[in-house]
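The values are calculated or read from the model by the stated rules, or taken from the named source; none is laboratory data. Note that the coordinates shown come from a computational prediction; the quantities given were computed from them, not determined experimentally. Heads up, the Cβs are rebuilt from the backbone with ideal geometry, glycines too, and the neighbour counts pull from every protein chain shown.
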Amino acid sequence: MQIKEMAERCGWKLLCGKAGEEREAEGCYIGDLLSWVMSRAGENNVWLTVMGNINAIAVAALTEVSAIVLTESASLDEEAKNRAETQGIPVYSCEENTYDTAVKVYEMLK
Amino acid sequence: MSMLHLTYQVPGDDFTRAGEASSDVKHKLKKLGYDPDAIRRVAIAMYEGEINMVIHAGGGEAIVDIDPDRVEIRLEDQGPGIADVEQAMQAGWSTAPDNVRTLGFGAGMGLPNMKKYTDEMTVDSQVGVGTTVFMKVFPGKKE
């Protein structure tokens, strides 16, 4: 499933990185500790986190996750937003907590 | 002489620019058609190294040599040095300040990750002088 379709069905709001919305979403990874995520998130995973800084964007680029979903309306820094836009990494926002979001992702990927 | 010799300045105390060197190396390796697993390992190890230099050493230099059968990465800084390298290599041991932790780093995983994802790694450090980390990644090895 494309990340764009998943986002629409889950009701996530796109904050930036529209250019990357056609990426496939395969699997999900959850984490806020960047070193941990960097070594474990898989390519095309949907990454659920509350970490909306520029380093998170670098980690997303490095791991080639399909998108970042900032749960519980966690904020995205301005410079992070610009970097994600430039690199075409979709960043979404949602109000639900990470668990509820993960459950939705699970349903989508089932 | 390596096929491709690259040198990067890693700025100190600038988290916004940390990752530029590893990202550039990653793109170059991709263009060269390098093994994807090796690219990922190089990028992770190098990014961790860059972050370390930003957090602890006020920046430094990254020198990368790319050959078809290996990538060699040398990270040099003139920072405070590591008093006990063995201790620093233990997962979870960290001297990073709290502000770094709020950024999602400082969990004591930098050096262990670098070791984990490279095929060879040596740390040469002298307190008050600086640290040099030398890493090698061979495509097709590990994972």
Count of segment A:27-46 residues which are charged (D, E, K, R) and at the interface with another protein chain (Cβ under 7 Å from one of its Cβ atoms): 1
Mind checking which residues of segment B:21-37 are within 9 Å of another protein chain (Cβ to nearest Cβ) and not hydroxyl-bearing (Ser, Thr, Tyr)? B:26, B:36
Hey, residue B:10 at pLDDT 95 or above, surrounded by 14 or more Cβ atoms within 10 Å (Cβ to Cβ) and not aromatic (Phe, Trp, Tyr) or not: no
Out of A:91, A:69, report the one residue that is more than 14 Å from chain B (Cβ to nearest Cβ), under 20 Å from residue B:105 (Cα atoms) and touching a Leu at 6+ places or on another chain (Cβ under 6 Å). A:69
Determine whether residue B:47 is at the interface with chain A (Cβ under 10 Å from one of its Cβ atoms) and among the aromatic types (Phe, Trp, Tyr). yes
Take segment B:1-14 and flag every residue that is in a loop (DSSP other than H, G, I, E, B) and among the hydrophobic types (A, V, I, L, M, F, W, C). B:1, B:3
Would you be able to say whether some residue in segment B:96-103 is polar (S, T, N, Q), crowded, with 16+ Cβ neighbours inside 10 Å and within 14 Å of chain A (Cβ to nearest Cβ)? no
Name every residue in segment A:5-54 that is without any contact (Cβ under 8 Å) to a residue 24 or more places away in the chain and over 15 Å from residue A:101 (Cβ atoms), in order of residue number. A:5, A:22, A:33, A:35, A:36, A:39, A:40, A:42, A:43, A:44
Residues that are touching a strand residue (DSSP E or B) at 6+ places or on another chain (Cβ under 7 Å) and at positive phi, drawn from segment B:112-131: B:130
What's the number of the condition residue B:34 fails, among (1) buried (at least 17 other Cβ atoms within 10 Å of the Cβ); (2) in a helix (DSSP H, G or I)? (2)
Where in segment B:57-143 are there strands (runs of 3 or more DSSP E), lying fully within it, with 1 or more residues that are within 22 Å of residue B:17 (Cβ to Cβ) and of a type in the set (Val, Ile, Thr)? B:59-67, B:70-77, B:130-137
Test: residue B:17 is at the interface with another protein chain (Cβ under 10 Å from one of its Cβ atoms), in contact with a strand residue (DSSP E or B) (Cβ under 6 Å, 6 or more places away or on another chain) and either part of a loop (DSSP other than H, G, I, E, B) or acidic (Asp, Glu) (or both): yes
Subset of segment B:91-143 [touching a residue at least 40 places away in the same chain (Cβ under 8 Å) and of a type in the set (Ser, Thr, Tyr)]: B:117, B:118, B:125, B:131, B:132
Taking the criterion of being touching a Pro at 6+ places or on another chain (Cβ under 9 Å) and in a loop (DSSP other than H, G, I, E, B), would at least one residue in segment B:37-53 satisfy it? no
Working carefully through the options A:63, A:49, find the one that is in contact with a Leu (Cβ under 9 Å, 6 or more places away or on another chain), facing chain B (nearest Cβ under 10 Å) and buried (at least 21 other Cβ atoms within 10 Å of the Cβ). A:49
What number goes with the only condition from (1) within 21 Å of residue B:16 (Cα to Cα); (2) surrounded by fewer than 17 Cβ atoms within 10 Å (Cβ to Cβ); (3) over 11 Å from the mean Cα position of the chain (by Cα) that residue B:61 does not pass? (3)
